[in-house]
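Reviewing the structure listed below.
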């Protein structure tokens, strides 16, 4: 995925739509067990829903969303351990950037990374 540009940051509605799409994809991913599918999809959906309550600058919000989306995308590919580690690091940096403005949103992003790690992704 491309880095978001500061001049074309997505709106919270666009970000939420992206996260909802990822949640749908997670619910239909066959290499994850049914419980993992549902837990991850629910968490991504919760992350999307929390965006409306977050008071985070749009560029940081775009970066967090892009990083979370990339991590899930790489995790679903199953064939890129080095890229997966980079995606996790990128998500952590984006999470730290939004933590002051929205601790709840940062907590959800950390839960997503932790959950992926717990199921071996």
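Every read-out reported here was derived from the displayed coordinates using simple, explicitly stated rules and does not represent laboratory data. The shown structure was predicted, so the numbers you read here are calculated from the model rather than taken from an experiment. Here Cβ is always computed from backbone atoms with ideal geometry, including for glycine, and neighbour counts include all displayed protein chains.
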Give me the distance in nm between label points sitting 7 Å out from Cα along the Cα-to-Cβ direction at residue 59 and residue 100, one decimal.
1.4 nm
Label points 7 Å out from Cα along the Cβ direction at residue 49 and residue 25: separation in nm?
2.2 nm
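Compute the semi-axes of the equivalent ellipsoid of the stretch 11-118, taking the square root of 5 times each eigenvalue of the Cα gyration tensor, and list them largest first in whole Å.
After diagonalising the Cα gyration tensor, the semi-axes are 21, 15, 11 Å.
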What order do you get for 100-112, 38-50 when each peptide is scored by the mean count of other beta carbon atoms within 10 Å, highest first?
38-50, 100-112
